[in-house]
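The next block holds one structure in the form of structure tokens; read it before the comments.
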Amino acid sequence: MADEKSFVFVMRGSADIDQMAPVMWQSLEIGQPVVAIVASEYKAANDFRLNFLATYPRFTLRHLPSAAFAPSGLKKYGRVRWNATRTQRLLRSINAGMCIFEWGDGVADIAKADGVLSRMRRTLFTDFVLQAQLSAKQLGIPTVALPHGHSTKLNLIRSKQVEQALANNNGKLPFANRDSFDAYVFCASYHRDVIVGNSTMSGNNVEVWGSARFSREWLHVLYRIAPQVQLPALKDAQQHRALFFLPKWHNMVDRGATISLLHALGNLANIQLVISGHVRGDDTQLTASETTEIAALPSVVFAPQGANSVSLIRECNALIDVDSSIAFDAVQLGKLYIRPKYLQDAAVRTVYDQFGGALQATTKDEVVSALSAQELPVVIVPDAFRLAVIGDEASNISQQYVLRLRQLMQQ
């Protein structure tokens, strides 16, 4: 129907799309119109998830390179291109009934700012993602923040950046402006407790919906549509292909011990070791000298530039990763997941410590032993792990997302 309201998903790039795609897909499956706004210079036309969603007739993609994030300084004046008037006009034109954002800043503080100068800055020079939130509020459109990935941690990682934020804000993360969302969604209760308990969020708008991204129904689709990745064939002596995601070094990870483990695995004759960085950051990169040394090891292959994590996991028998939530894919797919627990500070507690689900190695030798075996170890994943981390899978988690979004839209 022409007057049927749309779910509008506002995203920046690949990481946002990765989290939003299952909700967009399930929305389209039950006939809900979806508009995906990509507010950046990201090459949206090349994204396999967006291309899959485009096969649904009720899907619309609006790529807005001119709405890319503009940092402070002279470039921020480019934000005037997506001022309040133009952004509201956009939301009206796509018949927005609900605006869905990735986790991040809300507009509770901006919306309250008074005075002529404040109102002018808000109207003309607010970044597009925040401007879209303000415009939605002005038009009476509900706003929801969906998870920025998932978390493996049961406690707050007190990196230097986090410590600085805590020190500057009386021991709390400054998240009070996120109270402006009609719902701020977490995948799991343990993550909600960590963030709300260590921030200035009131928690009044917080809800736990489970993980659509790691739900079985979406993984079945995702691993079918992911592009093929070209990796060298296994050599005669190689029995397993193991994927190693480089960790975020700032997450209290021992860099020296990690490099040592890579050297040990790269010398194993019975595996091909595929090494890849993290999708979200430069903080997982190796130095030039580290790269040269590791590349010379006989079993090492570096993942092709831009290779999708899903495509890489599909081609591997085992995953080695310190604390990224992408490991949930391997767990859900029944692949061996090795968490080299000893590489991370002992103060970090994860879901694997409480619920199991991973082979948690406490030494380098344990990792080497597991991957040297002719047959890889089998790790039983307890039901308690799936319930706490993924959610109630019997309920079709991604569909429950859509039903709850519709409830919020109709309130």
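Throughout, read-outs are computed from the coordinates displayed, never taken from laboratory work. None of the values given here were measured: they were computed from a predicted structure. Every residue, glycine among them, receives a Cβ derived from its backbone with ideal geometry; neighbour counts consider all protein chains shown.
Could you tell me which of the pairs Lys248/Lys341; Lys153/Lys248; Lys43/Lys335; Lys335/Lys364 are separated by over 23 angstrom between their Cα atoms in the structure shown?
Over 23 Å Cα-Cα: Lys43/Lys335.
List Trp218, Trp82 from most exposed to least, where exposure is judged by having the fewest other Cβ atoms within 10 Å.
By the 10 Å Cβ count, ascending, the order reads Trp218, Trp82.
Given H placed on each backbone N at 1.01 Å, which residues far from Arg241 in sequence or on other chains put an amide H within less than 5 Å of it?
Gln272, Asn317, Ala318
Once you've got the GNM for the chain with C-alpha springs shorter than 10 Å, pick whichever of Gly277, Gly203, Gly306 has the biggest mean-square fluctuation.
Gly306
With θ set to phi - 60° and the Karplus curve 6.51 cos²θ - 1.76 cosθ + 1.60, what are the ³J(HN,Hα) couplings of the range 299-307 in order, to the nearest whole Hz, using x for Gly and Pro?
Running phi through 6.51 cos²θ - 1.76 cosθ + 1.60 with θ = phi - 60° gives 9, 8, 10, 8, 4, x, 4, x, 4 Hz.
Give me, ordered by chain and number, the residues 5 or more places off Met98 or on other chains with an amide H under 5 Å from its own placed amide H.
Ser6, Val8
From the helices alone, meaning DSSP H stretches of at least four residues, give me the mean residue ellipticity at 222 nm for the chain, per-run term -39500 (n - 2.57), in deg cm²/dmol to the nearest 500. Working shown, then result.
Numbers: 17 runs with 153 residues, N = 411.
The per-residue figure over the chain is -10500 deg cm²/dmol.
Would you mind checking which residues have amide H under 5 Å from Phe186's amide H? H placed 1.01 Å from N; only 5 or more apart, or other chain.
Glu207, Val208, Trp209
Report, in debye and to the nearest 20, how large the dipole of the range 164-223 comes out about its Cα centre when Lys and Arg carry +1 and Asp and Glu carry -1 on their Cβ.
In total the dipole reaches around 160 debye.
Which angle from 0 to 90°, rounded to the nearest 10, does the C-alpha axis of helix 216-225 make with the longest principal axis of the chain?
Roughly 80 degrees, rounded to the nearest 10.
Specify the angular offset, from 0 to 90 degrees and rounded to the nearest 10, of the alpha carbon long axis of helix 128-138 from the longest principal axis of the alpha carbons in the chain.
40 degrees
What does the charge dipole of the range 231-389 about its Cα centre add up to, to the nearest 20 debye, if the Cβ of each Lys and Arg holds +1 and the Cβ of each Asp and Glu holds -1? Can you show the working numbers first?
Values: 12 positive and 16 negative charges, 44 e Å.
About 220 debye.
How do the peptides 372-380, 29-37 rank, highest first, by the average count of neighbouring beta carbon atoms within 10 Å per residue? If you can, show how the numbers build up before the last one.
Working: 372-380: 11.4, 29-37: 19.3.
Going by the mean number of other Cβ atoms within 10 Å, highest first, we get 29-37, 372-380.
What does the charge add up to near Val322, with Lys and Arg as +1, Asp and Glu as -1, over the other residues with Cβ less than 9 Å from its Cβ?
+1
Once phi is turned into ³J(HN,Hα) by the Karplus curve 6.51 cos²θ - 1.76 cosθ + 1.60 with θ = phi - 60°, what whole-Hz value does each residue of the range 157-171 show in order, with x for glycine and proline?
7, 8, 6, 4, 5, 5, 4, 5, 5, 5, 5, 7, 9, 6, x
Which shape class, rounded, prolate or oblate, goes with the range 203-254 when its Cα gyration tensor gives a ≥ b ≥ c as root eigenvalues, a/c under 1.5 marks rounded, and past that a/b bigger than b/c marks prolate?
Values: a/c = 3.55, a/b = 1.53, b/c = 2.33.
Here the range 203-254 falls in the oblate category.
In the chain, what percentage of the DSSP-assigned beta bridges are antiparallel, given to the nearest 5?
Values: 2 of 45 bridges.
Of the beta bridges lying entirely in the chain, close to 5 percent run antiparallel.
Nearest 10 degrees is fine. How inclined is helix 14-29 to the longest principal axis of the chain, computing both from alpha carbons?
Between the helix axis and the principal axis of the chain, the angle is about 70 degrees.
So what is the diffusion coefficient of the range 231-389 in µm² per second by Stokes-Einstein at 37 °C and 0.692 mPa s, using a Kirkwood Rh over Cα pairs?
On the way: Rh = 15.8 Å.
Reported coefficient: 208 µm²/s.
Just check the range 186-285 against the gyration tensor rule for me: Cα atoms, a ≥ b ≥ c as the square roots of the eigenvalues, rounded for a/c under 1.5, and otherwise prolate or oblate depending on whether a/b exceeds b/c.
It comes out oblate by the Cα gyration axes.
Any chance you could list the semi-axes, whole Å, largest first, of the equivalent ellipsoid that the Cα gyration tensor gives for the chain, using √(5λ)?
Computed over the chain, the values are 38, 23, 21 Å.
Rounded, prolate or oblate for the range 289-358? Axes are the square roots of the Cα gyration tensor eigenvalues, ordered a ≥ b ≥ c, and the cut-off for rounded is a/c under 1.5.
In terms of gyration-tensor shape, oblate.
Placing unit charges on C-beta atoms (Lys and Arg positive, Asp and Glu negative, everything else neutral), compute the dipole magnitude of the chain about its Cα centre in debye, rounded to 20.
Rounded to the nearest 20 debye, it is 1420 debye.
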